[in-house]
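Notes for the one structure printed next.
The values are calculated or read from the model by the stated rules, or taken from the named source; none is laboratory data. Every value quoted in this text rests on a predicted model; they were computed, and no experiment measured them. Note that we place each Cβ from the backbone using ideal geometry, even for glycine, and neighbour counts take in every protein chain shown. Side chains included, ligands, DNA and RNA excluded: accessible areas come from the protein's heavy atoms. Shrake-Rupley method; radii C 1.70, N 1.55, O 1.52, S 1.80 Å.
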Amino acid sequence: LLPPEYAMIELNGELIAPVEFPSMETCRSILGTTTATGNDNNGAESATVELGKLILDKDNQTPIMILGNHELKGTAVQLKDPFCLMQKEYDNKNKNNHRNQEELQSYQIIGIVKQKFLFTSYPKVIMR
């Protein structure tokens, strides 16, 4: 069984996240729901907020990314040398649940990256 295939995104410039992410109630009111909930490494509640959308144009496989009121058009590029995504596996015998270097047990391959979506042009402003 082969691991799932992923793609990466390459942007020119910076993608600046909000200084403070909105509360869970604000996320639900804007997005309908948060995309994921859980605990971060420190035990605090965390949520994933959608920053934008990535759409592949079916006619010519052109990636289009919409971030807020900006639209970027890019190109799909096959990587010369694919690489794998790995996840650290820890030994959970420690009662404190602190992740020290000694507790690292192994790495698990969770996916393969074979292509990237390259966005090199300036974004187009979308009027809503």
If r is the Cβ-Cβ distance from T26 to Q115 and R0 is 35 Å, what FRET efficiency results, to the nearest 0.05? 0.50
Charge tally in the Cβ shell below 15 Å around L72, where Lys, Arg are +1 and Asp, Glu are -1, L72 excluded: 0
Given a Förster distance of 25 Å, the FRET efficiency implied by the Cβ-Cβ spacing of K124 and K58, rounded to the nearest 0.05, works out to 0.80
Heads up, I need the accessible area for L85: 1.4 angstrom probe, whole protein in place, Å², nearest 10. 60
